[in-house]
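*Asks:* Sharing a structure below in structure tokens format, with a few things to ask.
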Amino acid sequence: MLMSTLELTKTYGDNRACDRICLSLEEGQVFGLLGPNGAGKSTLVKMLLGLVWPSSGQALIKGRPVDNPDIKKTIGYLPELFRLYEWLSARDLLAFYARSYGLAHREQPAAIAEALELVGLRGRENEKIRAYSKGMQQRLALAGAILHHPDLLFLDEPTSALDPIGRRDIRDLISVLKDRGTTIFLNSHLLSEVEMTCTHLGFISRGKLIAQGEMSDFLQDSHELSIEMEDFDPELLAGWNYEQHVVELSAEKIILTVENKEEIPAIISSLVHCGVRIYRVDAKSRGLEEVFLDLIEYRGETDSINA
Amino acid sequence: MLNIVRLTLKEIMNKHILYLGLVFSIVFLAVYALGLHNIAEAQMLSGNQFWFRNQAGYQLLTLGWYVSTFLVGALAVMMGAGSISREIESGTILSLASRPFSRSDILMGKFMAYSMVTALYSGIMAAAITTLASHYFQLMINPRAMITGILIFMLFPMVLLAIAHLASVITTTLTAGIVSFMLFIIAITGGFMEQIGAVLGNRSLVNTGVVASLIMPCDAIYRMAVKKAVGMLGTGYITDFGPFGVASAPSIWMLVYALAYTFIIIFLAMHYFNKRDL
């Protein structure tokens, strides 16, 4: 296991920013942490990086405390507030980072060139950072996070200052890093971004980790079934087994949510058995947004679940 | 830690305020030199003897050192007060503290870089003032004594920097600057009281000064440095120089106290920085 937390808790007075969070990441995963504003995402990420101290519990990376300088050499971090030393040139900043990671002097130029190439800033390295746009600064901050080929990369809102092209570039970069075997911890508000890049998900609400598991589990387990009918009489469904799944019901249409797609044939069969005349059936897996809203709005206050 | 020292030195070199400070320091030295020149010339014309010339020379030298404590103090407070807090306020600390540095390395690296710059500045200012005074008044300066005095004077900003770093770890840049500067003013005022008390023979004034030196020992460092710098010969001329003189000289234990004070304050700064959330 690359990273694990055990009952990780952070309290500020009476407020529990993170509440007994147990989380684990295996090597090679791209883990997306989702939650509404103020849910405790940034506090959790900061605790995993040794920037905020937990009130109780512990976080381990490779079995060692996260604030250990040797462990920090294997981590990359792009903060949400990516403020850089604007009086330095991009090259000088990356050289400073390279030295801090212990890269040999002769290795530094190649590492810097590669990182700049990956974030699309090659050729701009001699300019002062203060001359960079916000988006370029975010790209540079990302170059600083991947310069040393970290085993574990924390990306906190990595596309917040980027335009759509920049966002696509970052998604492509995440794919490249994933192929290299880098484990990525992605904290993002953009659900589409998470859906496209992550292999695993965690949902956090009010400081509690309410669900975690593989992306495919979350998306497969939840389907929206739309059935078109004609002159439907609701009395036909008296005592129907699947009544509790109904979201919308009219004379022409019935919409249901089903947790498992294997239930769909049985639902259709039971409707036919009840005498309903079916003209069209449309089953689609629900997107991450629906899963997110469902989890946060309806399950945020219940016990945590595992997908 | 050396990486942090290097980065901080580079940052200092990129600050316009450093060059502005250097320009004003040169202006100060030019004004001081002009004043010394005119006073020395007036004394020559009036035919003052050796004793009067030496008295004016040593007292003007002491006055020059005294004024330079304000320049050095202001520089140390300005640099130290934002050392950590400015990084926290701007958010750059997140990138820095997540790299393979311990927080103690970050704090000590910055403290060392600022100490090097301010100590160098103090040494250059003290040496320049001494050279000018001894040139215009033909003072017999013992080089060894002078170097000892200058080396002690170079410790002066370190005490202030330590306090400024502690405040910078605990609070905002503005508050850290105000707190550090107020402590500096308390030390200066205490030093005033102590010297005036010594001249007047008023024990309670002297004790007030000693207490102020225990709270912030930078003024005591200045008094000890200037006493060492002027040597045995010069001490006689500056003893009665009121608040600027050394009528009440601090003991060697005050120097030991100042060093221990600096270490303890920096240790406390590290302790609080290691504990705080970023």
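The values are calculated or read from the model by the stated rules, or taken from the named source; none is laboratory data. None of the values given here were measured: they were computed from a predicted structure. FYI the Cβ positions are ideal-geometry reconstructions off the backbone, even for glycines, and counts take in every protein chain you see. For the accessible areas, the whole protein counts, side chains as well, though only heavy atoms, and no ligand, DNA or RNA atoms are used. Shrake-Rupley method; radii C 1.70, N 1.55, O 1.52, S 1.80 Å.
*Asks:* Give me the residue from the range B:221-278 that is away from chain A (no Cβ under 14 Å) and basic (Lys, Arg) and, out of that set, most open to solvent (accessible area, probe 1.4 Å).
*Replies:* B:LYS228
*Asks:* Answer with yes or no whether B:GLU11 is acidic (Asp, Glu) and within 14 Å of chain A (Cβ to nearest Cβ). Give the steps one after another, and end with the answer.
*Replies:* Working: acidic (Asp, Glu): yes; within 14 Å of chain A (Cβ to nearest Cβ): yes.
Yes; evaluated as a whole, the condition is true for this residue.
*Asks:* Something else: Scan the range A:59-82 residue by residue and report those that are over 17 Å from B:ILE106 (Cα atoms), within 10 Å of chain B (Cβ to nearest Cβ) and not aliphatic (A, V, I, L, M).
*Replies:* A:THR74, A:GLY76, A:TYR77, A:PRO79, A:GLU80, A:PHE82
*Asks:* Same structure, new question: Of the residues in the range A:13-58, how many are under 19 Å from the mean Cα position of the chain (by Cα) and within 14 Å of another protein chain (Cβ to nearest Cβ)?
*Replies:* Adding up the residues that qualify gives 11.
*Asks:* Let me ask you something else. Looking at the range A:210-249, which of the residues that are small (Gly, Ala, Ser) and in contact with a strand residue (DSSP E or B) (Cβ under 9 Å, 6 or more places away or on another chain) is surrounded by the most Cβ atoms within 10 Å (Cβ to Cβ)?
*Replies:* Taking the range A:210-249 first, the residues small (Gly, Ala, Ser) are A:211, A:213, A:216, A:222, A:226, A:238-239.
Right, trim to in contact with a strand residue (DSSP E or B) (Cβ under 9 Å, 6 or more places away or on another chain) and you get A:211, A:213, A:222, A:226.
Numbers: A:ALA211: 23, A:GLY213: 15, A:SER222: 21, A:SER226: 15.
Filtering the range A:210-249 for residues that are small (Gly, Ala, Ser) and in contact with a strand residue (DSSP E or B) (Cβ under 9 Å, 6 or more places away or on another chain), the one surrounded by the most Cβ atoms within 10 Å (Cβ to Cβ) comes out as A:ALA211.
Results for (1) away from chain A (no Cβ under 14 Å); (2) of a type outside the set (Asp, Glu); (3) touching a Leu at 6+ places or on another chain (Cβ under 8 Å), shown as yes or no for each residue.
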residue: B:GLN49; (1), (2), (3): yes, yes, no
residue: B:ARG53; (1), (2), (3): yes, yes, no
residue: B:GLN59; (1), (2), (3): yes, yes, no
residue: B:TYR66; (1), (2), (3): yes, yes, no
residue: B:GLY73; (1), (2), (3): yes, yes, yes
residue: B:VAL77; (1), (2), (3): yes, yes, yes
residue: B:GLY82; (1), (2), (3): no, yes, no
residue: B:ILE88; (1), (2), (3): no, yes, yes
residue: B:GLY91; (1), (2), (3): no, yes, yes
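*Asks:* Kindly check whether there is at least one residue in the range B:229-240 that is closer than 21 Å to B:SER115 by Cβ and at pLDDT 90 or above. If you could, list the steps in order and put the result at the bottom.
*Replies:* Initially, the range B:229-240 is screened for residues closer than 21 Å to B:SER115 by Cβ, giving B:229.
Going one step further and asking which of them are at pLDDT 90 or above, we end up with none.
No.
*Asks:* Would you call A:GLY135 touching a Lys or Arg at 6+ places or on another chain (Cβ under 8 Å) and either part of a loop (DSSP other than H, G, I, E, B) or surrounded by 14 or more Cβ atoms within 10 Å (Cβ to Cβ) (or both)? Break it down stepwise before answering.
*Replies:* Working: touching a Lys or Arg at 6+ places or on another chain (Cβ under 8 Å): no; either part of a loop (DSSP other than H, G, I, E, B) or surrounded by 14 or more Cβ atoms within 10 Å (Cβ to Cβ) (or both): yes.
Considered against the rule, which asks whether it is touching a Lys or Arg at 6+ places or on another chain (Cβ under 8 Å) and either part of a loop (DSSP other than H, G, I, E, B) or surrounded by 14 or more Cβ atoms within 10 Å (Cβ to Cβ) (or both), A:GLY135 comes out as no.
*Asks:* Check whether at least one residue in the range B:4-27 is more than 30 Å from B:ARG103 (Cβ to Cβ), open to solvent by less than 30 Å² (accessible area, probe 1.4 Å) and touching a residue at least 12 places away in the same chain (Cβ under 8 Å), and report yes or no. Don't jump to the end; show me each part of the working.
*Replies:* As a first pass, look at the range B:4-27 and keep what is more than 30 Å from B:ARG103 (Cβ to Cβ): B:19-20, B:22-27.
Then drop every residue that is not open to solvent by less than 30 Å² (accessible area, probe 1.4 Å), which leaves B:25.
Remaining after also requiring touching a residue at least 12 places away in the same chain (Cβ under 8 Å): B:25.
The answer is yes, given that some residue of the range B:4-27 is more than 30 Å from B:ARG103 (Cβ to Cβ), open to solvent by less than 30 Å² (accessible area, probe 1.4 Å) and touching a residue at least 12 places away in the same chain (Cβ under 8 Å).
*Asks:* Ok, one more. A:ALA113: within 19 Å of A:LEU177 (Cα to Cα), open to solvent by less than 50 Å² (accessible area, probe 1.4 Å) and either assigned to a helix (DSSP H, G or I) or more than 10 Å from every other protein chain (Cβ to nearest Cβ) (or both), yes or no? Let's see the steps before the verdict.
*Replies:* Numbers: within 19 Å of A:LEU177 (Cα to Cα): yes; open to solvent by less than 50 Å² (accessible area, probe 1.4 Å): yes; either assigned to a helix (DSSP H, G or I) or more than 10 Å from every other protein chain (Cβ to nearest Cβ) (or both): yes.
Here the answer is yes, as A:ALA113 does meet what is asked.
*Asks:* Which of the numbered conditions does A:SER160 fail, given that it passes all the others? Conditions: (1) closer than 30 Å to A:ILE278 by Cβ; (2) modelled with pLDDT under 85.
*Replies:* (1)
*Asks:* Kindly indicate whether any position in the range B:54-76 is under 30 Å from A:PHE82 (Cα atoms), open to solvent by less than 10 Å² (accessible area, probe 1.4 Å) and touching a residue at least 12 places away in the same chain (Cβ under 8 Å).
*Replies:* For the range B:54-76, residues under 30 Å from A:PHE82 (Cα atoms), open to solvent by less than 10 Å² (accessible area, probe 1.4 Å) and touching a residue at least 12 places away in the same chain (Cβ under 8 Å): present.
*Asks:* If you check every pair at least six apart or on different chains, which have Cβ atoms under 6 Å apart with a residue in the range A:36-48 that is among the hydroxyl-bearing types (Ser, Thr, Tyr) first and a residue that is crowded, with 24+ Cβ neighbours inside 10 Å and outside any loop (DSSP other than H, G, I, E, B) second?
*Replies:* Listed by first residue and then by second, the contacts come to A:THR43/A:CYS18.
*Asks:* Now for a different question. Here is a list of conditions, (1) assigned to a loop (DSSP other than H, G, I, E, B); (2) at pLDDT below 90; (3) within 22 Å of the chain's Cα centre (by Cα), and A:PRO150 meets all of them except one; can you say which number that is?
*Replies:* Unmet for A:PRO150, out of (1) assigned to a loop (DSSP other than H, G, I, E, B); (2) at pLDDT below 90; (3) within 22 Å of the chain's Cα centre (by Cα): (2).
*Asks:* Starting from residues that are open to solvent by 10 Å² or more (accessible area, probe 1.4 Å) and at the interface with chain B (Cβ under 7 Å from one of its Cβ atoms), keep the ones in the range A:85-98 and report whichever is nearest to A:LEU142 (Cα to Cα).
*Replies:* A:TYR85
*Asks:* Can you tell me which residue within the range A:269-287, out of those that are open to solvent by 40 Å² or more (accessible area, probe 1.4 Å) and part of a helix (DSSP H, G or I), is nearest to A:GLU224 (Cα to Cα)?
*Replies:* A:SER269
*Asks:* What residue, among those in the range A:243-253 that are under 21 Å from A:SER285 (Cα atoms) and over 33 Å from the mean Cα position of the chain (by Cα), is modelled with the highest pLDDT?
*Replies:* My answer is A:LYS253.
*Asks:* If you don't mind, another one. Test B:ILE147 against the stated conditions and say whether it is in contact (Cβ under 8 Å) with a residue 24 or more places away in the chain and in a helix (DSSP H, G or I).
*Replies:* Values: in contact (Cβ under 8 Å) with a residue 24 or more places away in the chain: no; in a helix (DSSP H, G or I): yes.
For B:ILE147, the condition - in contact (Cβ under 8 Å) with a residue 24 or more places away in the chain and in a helix (DSSP H, G or I) - is not met.
*Asks:* Give the range B:25-74 a look and list any residue that's more than 17 Å from the chain's Cα centre (by Cα) and of a type in the set (Phe, Trp, Tyr), or say none.
*Replies:* Filtering the range B:25-74 for residues more than 17 Å from the chain's Cα centre (by Cα) gives B:26-27, B:30-60.
Matches in the range B:25-74: B:TYR32, B:PHE50, B:TRP51, B:PHE52, B:TYR58.
*Asks:* Condition first: among the aliphatic types (A, V, I, L, M) and loosely packed, with under 14 Cβ neighbours inside 10 Å. Now tell me which residues in the range B:195-213 satisfy that. If you could, list the steps in order and put the result at the bottom.
*Replies:* Pass one, the range B:195-213, residues among the aliphatic types (A, V, I, L, M): B:196, B:198-200, B:205-206, B:210-212.
Those that are among the aliphatic types (A, V, I, L, M) and loosely packed, with under 14 Cβ neighbours inside 10 Å: B:LEU200, B:VAL211.
*Asks:* Going by what's in this entry, would B:MET125 be described as in contact (Cβ under 8 Å) with a residue 60 or more places away in the chain, surrounded by fewer than 18 Cβ atoms within 10 Å (Cβ to Cβ), more than 14 Å from every other protein chain (Cβ to nearest Cβ) and aliphatic (A, V, I, L, M)?
*Replies:* Numbers: in contact (Cβ under 8 Å) with a residue 60 or more places away in the chain: yes; surrounded by fewer than 18 Cβ atoms within 10 Å (Cβ to Cβ): no; more than 14 Å from every other protein chain (Cβ to nearest Cβ): yes; aliphatic (A, V, I, L, M): yes.
In short, no.
*Asks:* Name every residue in the range B:129-144 that is within 20 Å of B:MET44 (Cα to Cα), assigned to a loop (DSSP other than H, G, I, E, B) and not hydrophobic (A, V, I, L, M, F, W, C), in order of residue number.
*Replies:* B:GLN138
*Asks:* So, in the range B:93-111, how many residues would count as being part of a helix (DSSP H, G or I), open to solvent by 10 Å² or more (accessible area, probe 1.4 Å) and farther than 17 Å from B:HIS271 by Cα? So that I can check it myself, show each step before the final result.
*Replies:* Initial filter on the range B:93-111 (part of a helix (DSSP H, G or I)): B:93-97, B:103-111.
If we keep only those that are open to solvent by 10 Å² or more (accessible area, probe 1.4 Å) too, we end up with B:94, B:103-105, B:108, B:111.
Next cut, farther than 17 Å from B:HIS271 by Cα only: B:94.
Within the range B:93-111, residues that are part of a helix (DSSP H, G or I), open to solvent by 10 Å² or more (accessible area, probe 1.4 Å) and farther than 17 Å from B:HIS271 by Cα number 1.
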